[in-house]
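> Following this message is one structure expressed as structure tokens.
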Amino acid sequence: MAQRIALVTGGTRGIGGAISIALKNAGYKVAANYAARDDVAQAFSKEHNIPVYKWNIASFDECQKGVAKVQADLGGPVEVLVNNAGITKDSAMHKMTPENWDVVVQTNLSSSFYMCRAVIESMRAKGFGRIVTISSMNGQLGQFGQTNYSAAKSGIFGFTKALARETAAKGITVNAIAPGYIETDMTKNIAPDIMKQVIAGIPVGRMGHPDEIARAVIYLAADEAGFITGETLSINGGQFME
């Protein structure tokens with residue numbers, strides 16, 4: 001079988017970088033999208049021999065053009081899509097601006113529609129596809145100062161279930177992963193005293209590692225995972241259990 005083509009948004013740093021590397025090591029032909037830090041993206045590409053593509057996933061048109069470029073360069077349709085990229089613009093509701101609401105919802109939720117819309121027709125035509133979207137535990141729990149982020153990440157769950165129903169008969173699975181606190185640049189910015197409180201609330205007593213999320217993506221992306229769809233896999237060290 002020819003190498004399957006995988007595309008990871010936000011795929012050059014943190015969780016996304018770990019996912020891109022894991023997919024490449026598992027035998028996929030990988031493209032990594034990014035939006036900023038050209039220096040980091042180019043260094044990542046050189047170190048791991050993974051091509052990188054810059055576009056804004058909060059733009060429908062840029063997603064269409066970006067996916068078309070990836071498919072032209074890699075020689076075929078995207079068969080595995082990992083919607084990983086996301087941002088935060090935290091503030092309490094009484095201080096939140098419309099701009100910070102809109103950009104977070106566009107980047108964390110609307111981008112899933114934009115990216116899926118760009119690949120879904122070719123997946124349907126091929127009779128195969130794997131879509132995995134990275135949500136968040138805070139979409140399940142809610143979080144102070146994150147009405148925008150929590151709403152967007154929660155919306156991924158409904159999006160995943162609905163699209164899974166639409167595409168199941170075409171051999172396309174659609175699943176979500178909801179990480180808890182993972183060691184990334186984002187969590188490094190949390191004050192030490194706050195982080196101590198956070199870890200105290202995690203039953204396993206530590207934060208997660210990006211590789212632990214990446215291994216779950218590999219599982220859900222596999223050909224053999226065709227009977228799993230419409231699900232959310234929570235990876236949070238026991239901090240939230242449904």
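> Against the conditions (1) over 26 Å from Gly155 (Cβ atoms); (2) not in a helix (DSSP H, G or I), where does Ser91 fall short? Just the number, please.
(1)
> Look at the range 188-214 and say how many of its residues are surrounded by 16 or more Cβ atoms within 10 Å (Cβ to Cβ) and touching a residue at least 60 places away in the same chain (Cβ under 8 Å).
Going through the range 188-214 one residue at a time, the tally reaches 3.
> From the set of residues in the range 24-49 that are aliphatic (A, V, I, L, M) and over 16 Å from Gln71 (Cβ atoms), which is farthest from the chain's Cα centre (by Cα)?
Looking at the filtered set, the residue picked out is Ala43.
Per-residue answers, yes or no, for (1) buried (at least 21 other Cβ atoms within 10 Å of the Cβ); (2) on the phi > 0 side of the Ramachandran plot; (3) among the β-branched types (Val, Ile, Thr):
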{"site": "Gly11", "(1), (2), (3)": "yes, no, no"}
{"site": "Gly17", "(1), (2), (3)": "yes, no, no"}
{"site": "Ala26", "(1), (2), (3)": "no, no, no"}
{"site": "Arg37", "(1), (2), (3)": "no, yes, no"}
{"site": "Tyr53", "(1), (2), (3)": "no, no, no"}
{"site": "Ala68", "(1), (2), (3)": "no, no, no"}
{"site": "Glu79", "(1), (2), (3)": "yes, no, no"}
{"site": "His94", "(1), (2), (3)": "no, no, no"}
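> Only one of Ser135, Ser110 is crowded, with 16+ Cβ neighbours inside 10 Å, hydroxyl-bearing (Ser, Thr, Tyr), closer than 23 Å to Ile228 by Cα and at pLDDT 95 or above; which?
Ser135
> Just give me the residues in the range 130-180 being under 21 Å from Glu79 (Cα atoms) and among the small types (Gly, Ala, Ser), in sequence order.
Ser135, Ala162, Ala164, Ala168, Ala169, Gly171, Ala176 - these are the residues of the range 130-180 that are under 21 Å from Glu79 (Cα atoms) and among the small types (Gly, Ala, Ser).
> Here's another thing I want to ask about it. Given the criterion crowded, with 17+ Cβ neighbours inside 10 Å, in contact (Cβ under 8 Å) with a residue 60 or more places away in the chain, hydrophobic (A, V, I, L, M, F, W, C) and more than 20 Å from Lys153 (Cα to Cα), identify the matching residue among Ala225, Ala221.
Ala221
> Further, regarding this structure: Output yes when any residue across the range 186-196 is modelled with pLDDT under 95, among the hydroxyl-bearing types (Ser, Thr, Tyr) and in a helix (DSSP H, G or I), and no when none is.
Checked against the condition, which is being modelled with pLDDT under 95, among the hydroxyl-bearing types (Ser, Thr, Tyr) and in a helix (DSSP H, G or I), the range 186-196 yields at least one hit.
> Sticking with this one: Within the group Thr107, Thr133, which residue is closer than 13 Å to Leu7 by Cβ and among the hydroxyl-bearing types (Ser, Thr, Tyr)?
Thr133
> Scan the range 101-129 residue by residue and report those that are in contact (Cβ under 8 Å) with a residue 60 or more places away in the chain and polar (S, T, N, Q).
Ser111, the sole residue that qualifies.
> Shifting gears a bit: Within the bounds of the range 175-186, is there any residue that is surrounded by fewer than 14 Cβ atoms within 10 Å (Cβ to Cβ) and in contact with a helix residue (DSSP H, G or I) (Cβ under 7 Å, 6 or more places away or on another chain)?
Yes - at least one qualifying residue is present in the range 175-186.
> Now for a different question. Within the range 150-181, which residues are in a helix (DSSP H, G or I) and under 14 Å from the mean Cα position of the chain (by Cα)?
Ala152, Lys153, Ser154, Gly155, Ile156, Phe157, Phe159, Thr160
> Condition first: of a type in the set (Phe, Trp, Tyr), surrounded by 13 or more Cβ atoms within 10 Å (Cβ to Cβ) and touching a Gly at 6+ places or on another chain (Cβ under 8 Å). Can you find one or more residues in the range 55-63 that meet it?
yes
> I would also like to ask the following. Does Ile172 satisfy the condition of being farther than 14 Å from Gly238 by Cα, at pLDDT 95 or above and surrounded by 15 or more Cβ atoms within 10 Å (Cβ to Cβ)?
Yes.
> Scanning the range 99-144 for residues that are of a type in the set (Gly, Ala, Ser) and not in a helix (DSSP H, G or I), which turns out farthest from Gly171 (Cα to Cα)?
Ranking the candidates gives Gly142 first.
The values are calculated or read from the model by the stated rules, or taken from the named source; none is laboratory data. Keep in mind the model is a prediction, meaning the values are calculated, not measured. All Cβ positions, even for glycine, are placed from backbone atoms using ideal geometry, and neighbour counts span all protein chains on display.
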